[in-house]
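Worksheet: the structure to be examined is printed underneath.
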Amino acid sequence: MVLAEVLGVSVVSDDRLREVQRPWTDGNFSDVVVRYLYGDLVEGWEPVEQVVSRLEAFLVSRPSEGPIGVVTHGTAMTCLLGAVDSANRAQYWSGLTMPDAWTFSEVGPVRLDCSPT
C-alpha cells in the first residue's frame with residue numbers, strides 16, 4: 001500500500017496475479033523451480049503457458065490510462081517476463097531481489113528500484 005501511495009496508483013486485487021499453482025515442494029525448492037522454468041514438466045505445477053496467459057489477461061483487462069503496478073510472486077512474474085525468452089527464465093528468476101516491483105505500460109515492463117535507502 002505504501003508503494004501505491006508513492007506511485008500515485010490504486011490497489012486492485014485480482015486472483016490472476018497469484019503465484020504459480022503447485023504442491024508443497026520437499027527438498028531443494030530452487031532446483032525444482034529452475035527445472036520448471038527451463039520447461040520441464042513438474043508434476044502438479046501449473047503449466048508456464050497457463051501462468052503467462054492469466055497474467056496477460058489481467059494486464060489486457062486494465063484501462064490503459066498510464067502505467068500499471070503489479071505485485072505478484074517471483075515465479076509467476078518470471079513466467080510472464082521470461083515468456084519471450086524461456087531459455088533465460090532461470091537466470092532472470094535468480095536475479096529477482098524479493099521484493100521486486102514492476103510497472104507495465106505501453107512501453108513494456110519497468111523494474112522499480114526497491115533497494116533500501
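Using the crude model of +1 on Lys and Arg Cβ and -1 on Asp and Glu Cβ, and no other charge, please compute the dipole size for the chain relative to its Cα centre, in debye to 20. If you can, show how the numbers build up before the last one.
Numbers: 8 positive and 16 negative charges, 9 e Å.
Around 40 debye, computed over the chain.
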Mean Cα-pair separation over length for the chain, i.e. relative contact order, pairs under 8 Å, 6 or more apart, %: 25 percent
Taking N as the number of residues in the chain, what value does Rg over Cα atoms divided by 2.2 N^0.38 Å take? 1.09
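None of the figures in this text is laboratory data; all of them are computed from the coordinates on show. What you see is a predicted model; the values in this text were computed from it and never measured. FYI the Cβ positions are ideal-geometry reconstructions off the backbone, even for glycines, and counts take in every protein chain you see.
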